Amino acid sequence: MAFQVVGTGAIDLILVPGWVSHLEQMWLQPTYAAYIERLARFARVILFDKRGTGLSDRVRVGTLSDRADDIRAVMDAVGMRRAALYAISEGGPLALVFAATQPERVSKLVIYGSFARMLRGEDYGIGVPPEAWLQQTEFTERNWPVVDLERWAPSVAADDEFRGWMATMRRNGASPGSARELMEVIAEVDVRPVLSSISVPTLVMHRSADSTVSIEMGRVIARGITGARWVELPGADHLPWTGDTAALVREIEEFLTGQMTLEIPDRVLATIMVSNLDVDLRRSATTFQEMAVYEVGRWGGRILSSGPRRIAASFPSPARAIKCARVLQIAVATGGGAFRSGIHAGECRITGEGLSGPPVDIAGRIALRAQRGDILVSNTVRDLLAGSDIDLVERGSIAIPGMAAEWRVFAA
């Protein structure tokens, strides 16, 4: 089993993933990285790819009991005698079975967006009709990787960069056959009989408008476990690292530690664009500064500093920064001018004036080393763009004062 250990908190927390995961690809999504980092502030988080998926051996998915026993295997490999379990979506039934059969190894149990049974039955009218599930299974295998953000994460359904990342992660996380096998296994799941046997403290959470797994399925789990705490969160996203992730993590922290941290963030992951004007505009009534301020706002960015010949701005994603730079490049050229841009992404300090820190400095250094008319991005930006439709051309490496390693740069 492939696994990772993140954080040094006092609580050992095994995160049982949902349908498909990939330990390396997941970290390329900034919202996922921030979500795991929040958990790691109070826990030692163990991440793993379930059998047949991600970086784990590509064997058959196996039975529910086999897969539940994989939790034990990961705990043994890490050297954990006892840990809290946090299970997401399809990982829920695995954790429920493990908590019922090996309670001495589970300190607390957290279930999010999950189900005890997926398919409709005579005594389970809230399930998915078997014929509809079969159609979805066949569609998934034929069209893998299916990226249905409208159901999984409607809050980012219009984000092409997120869509591209999810397609790449799923493509690397499972083969079409494995995706089908996982769905066939889900169709067999019914762990309702074990719910009454679970004696460990349990938190069950669900978002109210989740259209991937009905909230009624979450309520079945909460009602079936004696003393379980039920929390209904607002929102429609099934993925826990989109939507109001902070509220979800706070509930987990309070349940596991008895305390809730009111976060006042002092750092943020951001994409920084620094642009320098080389040739003054000769055919435009609009100044470079005015053009830049307008375009940065139009692409969802925030001005960090601006002047007649230089502008620095932050963006929520690399794709937005590059698209803004390209549009600005055309506008400047149309006005008879020329400029160069450098783009880098990383964790920035939040200050009263905006953002600061190494990413701002690195973007500025990259801009200085760009050729006239170039938009150069760092290898970090290139990695975050994996799966997007933005083409990049490698331009070698540059040395940045104060940095031990050279930075590979790419023209956008």
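Structure notes:
- Scanning segment 68-76 for residues that are within 25 Å of Trp230 (Cα to Cα), part of a helix (DSSP H, G or I) and touching a residue at least 12 places away in the same chain (Cβ under 8 Å) turns up at least one hit.
- Each residue in segment 340-394 was checked for being assigned to a helix (DSSP H, G or I) and closer than 15 Å to Val274 by Cβ, and 14 pass.
- Qualifying residue in segment 192-204 (condition: of a type outside the set (Asp, Glu), surrounded by 18 or more Cβ atoms within 10 Å (Cβ to Cβ) and touching an Asp or Glu at 6+ places or on another chain (Cβ under 6 Å)): no
- Of the residues screened, Ser199 is not one that is in contact (Cβ under 8 Å) with a residue 24 or more places away in the chain, assigned by TED's automatic domain parsing to the domain that holds Leu13 and not in a loop (DSSP other than H, G, I, E, B).
- Residue ID - nearest to Asp210 (Cα to Cα), chosen from residues in segment 135-189 that are outside any helix (DSSP H, G or I) and in contact with a helix residue (DSSP H, G or I) (Cβ under 6 Å, 6 or more places away or on another chain): Ala157
- Considering segment 395-412, and only residues there that are under 16 Å from Pro318 (Cβ atoms) and not in a loop (DSSP other than H, G, I, E, B), the residue that is modelled with the lowest pLDDT turns out to be Trp407.
- Odd one out for Gly300 among (1) farther than 20 Å from Val268 by Cβ; (2) outside any helix (DSSP H, G or I); (3) of a type outside the set (Lys, Arg): (1)
- Strands (runs of 3 or more DSSP E) within segment 1-64 that include 2 or more residues crowded, with 22+ Cβ neighbours inside 10 Å and within 17 Å of the chain's Cα centre (by Cα): 11-16, 43-48
The values are calculated or read from the model by the stated rules, or taken from the named source; none is laboratory data. Since this is a predicted model, take the numbers as computed values, not measurements. Cβ sites come from the backbone with ideal geometry, for glycine too, and all protein chains shown count toward neighbours.
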